[in-house]
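Down below is the structure, laid out as structure tokens.
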There are 2 protein chains.
Amino acid sequence: MMNPTEYLQNWSDRYKDDLLNNIMPFWLKNGWDRLHGGVYTCLNRDGSIMDTTKSVWFQGRFAFTCAYAYNNIQKNNEWLMAAKSTLDFIEQHCFDKDGRMYFSVTADGKPLRKRRYVFSETFAAIAMAEYALATNDKNYAQKAFDLFKDIKRFLETPGILDPKFEQGVDLRGHSIVMILINVASCIRKVYPDAILDEQIKESVYQLRHYFMHPEFSALLETVGPNGEFIDTNLTRTINPGHCIETSWFLMEEAKQKRDAELLKTALTILDWSWDWGWDSTYGGIINFRDCKNLPPQDYSQDMKFWWPQCEAIIANLYAYQATGDMKYLERHKQISEWTYEHFPDTEYDEWFGYLHRDGTVAQPAKGNLYKGPFHVPRMMIISYSLCQEILSNS
Amino acid sequence: MMNPTEYLQNWSDRYKDDLLNNIMPFWLKNGWDRLHGGVYTCLNRDGSIMDTTKSVWFQGRFAFTCAYAYNNIQKNNEWLMAAKSTLDFIEQHCFDKDGRMYFSVTADGKPLRKRRYVFSETFAAIAMAEYALATNDKNYAQKAFDLFKDIKRFLETPGILDPKFEQGVDLRGHSIVMILINVASCIRKVYPDAILDEQIKESVYQLRHYFMHPEFSALLETVGPNGEFIDTNLTRTINPGHCIETSWFLMEEAKQKRDAELLKTALTILDWSWDWGWDSTYGGIINFRDCKNLPPQDYSQDMKFWWPQCEAIIANLYAYQATGDMKYLERHKQISEWTYEHFPDTEYDEWFGYLHRDGTVAQPAKGNLYKGPFHVPRMMIISYSLCQEILSNS
């Protein structure tokens, strides 16, 4: 039998130690571009730069991470400087004339690619909000809120975002619905406004009524306009890590609003998604499943990526905090042990990102346009804070 | 020591037998849509339909395969009917009003998605040409040629195809250059026109001067406007199977034109790409390599897909026919043995498509929007014909 206090104290120490002595130094030393501002994320195993292309998602995510660590772990001035440098790079180089953001730019900020989504904008917005919280600079709170309103305008005005499908093909995606919960929640900390609460309510409504499908015990990634199940490869897809991330966004909100119904929804999503995601053969959370148990068609379907494991660590801690149910602490142990056995690089710093199903490393780079300083440090910061809260209340 | 005559006779028998008794019946029975015309390719291991979405690439590829098998293996009337049914579906449902083709449509032909490339058009064009050859119907030769001219117009007229990157980012891709060799070569059989020969010359020029990089002993997938090497993850990518496919497109042309220099170019590409692609640890042709030996960032980088193996079987047979060098027949044996040991399903018909690096099956479906009746039957038809030619000349 584990002793929860001892167990959580151990993890709390490890999260903080890894963040301070491994993860943050790796990105500040190897990723932060002190010359142009911003961050490089295409780093090889040893931290050397493989590609100077800058991911705009990661400009926002790195600035957020630095400010978030500053707000929750340590008043480290270098982190604040890195956040400011990256926000300056974002404001100077990452917006197109129409107010939308690029997807990738060169080292010195020349636009490379713009995509049909608004995820660059959502990550910039949480960075601005978290930086406003760190500095008490109201300008950044206003910028974050203005960007949120722009995101809504881009999403709601026909013609601004190119549709992926032809006219008449009407699909709803889980990604934007779930990310807007987190964006609204981050901005609300520095800019309380009713439309942010409304956004969260609207997202929760959509999750409950459109994306959660009890007939499959699953939250689906893509559904029809009124949540209809559509029987194609794409629309049968379950992304367990993504759903588990959603579950803790909801638990965070339920905790803040003392909303027992919302907690119940969150736990349902977590339990469903754990059952679909946990690989009882090899361990870890698998990338994709098909809600009818047909073979998923994404090439990476049976791989183990770093971020679903991080989300599962956070979600099970939140669930334990909310319920006191040892089931969640046991699961936290199960996912943490597998994750810490397979992902951290014992020869260099930081974590591998891409493992085969059996836990062997598929390729050892530490970052690319999709992996960088976000899920791993965010997991450590949130999990450290949760451990501290639980310990201080016990 | 192998006896080439006996070896080639064995393979020749196997190609024909597999095509007639396994591959073609599988797709005619399970894929061909006798109700609406055209073909379903999203089939599970046992041939059952997982998704009725129709890939427009595969409407062209299936119609091509049926007519190609008819022209080279057996005057099977069902194949010709399936080709006609699929060409009718293409002409009725797969073209947008602007003359460009969709990427996917519903079972009954409603447009789902249109992409920024012209590969749907290239596969429809080879289908029309091969059907014209099968039936001697000049209308289809004219249609194929007109579609070729449309493809060129789409590619060369600014504003028709949405650019993937921002203004000022000027990249050349290998895919369209190599596929146009095959398209021009197919159409030329039924519609000899100087612009088709010119296309092949132009593509060969680009391969030699832009895409072949002797400093890496590699043909790169993406280069600068004048073939410049660009040091990013994307532009360091080598796709060995794709390059090996290009090599036999060139060997086919070199054979027809008795062009010794072109044969030399083709063999250089084959030898380079074999060295990058052959996995000396587990066997088979690997998906992606990085020309500086950095970790490739595509998630499927170390998987073994069905089609690169098929292309390597064809290319080594062509190279043996052209040179008589036993090295190529040994390599044909090496790739064939690995391929036939791992890909054919021994329980149901057809081949698996997606293996892990070590040759285990990643997921067992027989098709999706990217795998269907093309690379496997084309390999069998070409390889059967090559074996027969070599045997009759020895």
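The values are calculated or read from the model by the stated rules, or taken from the named source; none is laboratory data. What you are looking at is a predicted structure, and each value in this text was computed from that prediction instead of being measured. Positions of Cβ are generated from backbone atoms using ideal geometry, with glycine treated the same way; all protein chains shown enter the neighbour counts. Ligands, DNA and RNA are excluded from the accessible area calculation, which covers all protein heavy atoms including side chains. Shrake-Rupley method; radii C 1.70, N 1.55, O 1.52, S 1.80 Å.
Some observations on this one:
- Hits in region A:49-65 (condition: farther than 16 Å from residue A:144 by Cβ, surrounded by 24 or more Cβ atoms within 10 Å (Cβ to Cβ) and not hydrophobic (A, V, I, L, M, F, W, C)): A:51, A:54, A:55
- Exactly one residue out of B:7, B:15 is away from chain A (no Cβ under 14 Å), open to solvent by less than 10 Å² (accessible area, probe 1.4 Å) and over 25 Å from residue B:125 (Cβ atoms): that is B:15.
- Residue check, residue B:143 in a helix (DSSP H, G or I) and either in contact (Cβ under 8 Å) with a residue 12 or more places away in the chain or within 14 Å of chain A (Cβ to nearest Cβ) (or both): yes
- Filtered residue count, region A:237-285, keeping only those that are buried (at least 24 other Cβ atoms within 10 Å of the Cβ) and part of a loop (DSSP other than H, G, I, E, B): 2
- Members of region A:35-63 that are of a type in the set (Lys, Arg) and either closer than 11 Å to residue A:108 by Cα or touching a strand residue (DSSP E or B) at 6+ places or on another chain (Cβ under 8 Å) (or both): A:54
- Matching residues in region B:66-108 - criterion: being surrounded by fewer than 19 Cβ atoms within 10 Å (Cβ to Cβ), within 12 Å of chain A (Cβ to nearest Cβ) and in contact with a helix residue (DSSP H, G or I) (Cβ under 6 Å, 6 or more places away or on another chain): none
- Residues located in region B:24-54, provided they are touching a Phe, Trp or Tyr at 6+ places or on another chain (Cβ under 7 Å) and within 14 Å of chain A (Cβ to nearest Cβ): B:41, B:45, B:46, B:47, B:49, B:52, B:54
- Flag if residue A:229 is at pLDDT 95 or above and under 18 Å from the mean Cα position of the chain (by Cα): no
- Taking region B:329-348 as the range and being polar (S, T, N, Q) and over 20 Å from the mean Cα position of the chain (by Cα) as the test, the residues that pass are B:334, B:346.
- Contact map, region A:158-176: first residue within 8 Å of chain B (Cβ to nearest Cβ), second residue surrounded by 14 or more Cβ atoms within 10 Å (Cβ to Cβ) and assigned to a helix (DSSP H, G or I), Cβ cut-off under 6 Å, separation 6 or more or different chains; the map is empty.
- Exclusive hit being in contact with a Pro (Cβ under 8 Å, 6 or more places away or on another chain), surrounded by 14 or more Cβ atoms within 10 Å (Cβ to Cβ) and among the hydrophobic types (A, V, I, L, M, F, W, C), set B:171, B:196: B:171
- Selection count where residues are within 19 Å of the chain's Cα centre (by Cα) and within 14 Å of chain B (Cβ to nearest Cβ), scope region A:302-328: 6
- Scan of region B:116-154 for residues that are within 20 Å of the chain's Cα centre (by Cα) and farther than 24 Å from residue B:33 by Cα, ordered by number: B:116, B:117, B:118, B:145, B:147, B:148, B:151, B:152
- Qualifying residue in region B:358-371 (condition: at pLDDT 95 or above and more than 14 Å from chain A (Cβ to nearest Cβ)): no
- Filter result (touching a Lys or Arg at 6+ places or on another chain (Cβ under 9 Å) and of a type in the set (A, V, I, L, M, F, W, C)) within region A:342-368: A:343, A:351, A:352, A:355, A:362, A:365
- Selected residue (criterion: least open to solvent (accessible area, probe 1.4 Å)) from residues of region B:23-48 that are more than 20 Å from residue B:80 (Cβ to Cβ) and either among the acidic types (Asp, Glu) or touching an Asp or Glu at 6+ places or on another chain (Cβ under 6 Å) (or both): B:42
- The set of residues in region A:308-325 being in contact with a helix residue (DSSP H, G or I) (Cβ under 6 Å, 6 or more places away or on another chain) and open to solvent by 40 Å² or more (accessible area, probe 1.4 Å) consists of A:321, A:322.
- Failed item, numbered, when residue A:300 is tested on (1) free of Cβ contacts under 8 Å to residues at least 60 places away in the same chain; (2) of a type in the set (Ser, Thr, Tyr); (3) within 21 Å of residue A:19 (Cβ to Cβ); (4) open to solvent by less than 10 Å² (accessible area, probe 1.4 Å): (3)
- Flag for residue B:21 being within 25 Å of residue B:387 (Cβ to Cβ) and away from chain A (no Cβ under 14 Å): yes
- Members of region B:280-301 found to be within 26 Å of residue B:15 (Cβ to Cβ) and within 14 Å of chain A (Cβ to nearest Cβ), listed by number: B:282, B:286, B:287
- Total residues in region A:168-226 satisfying the condition of being among the aliphatic types (A, V, I, L, M), over 21 Å from residue A:248 (Cβ atoms) and assigned to a helix (DSSP H, G or I): the figure is 2.
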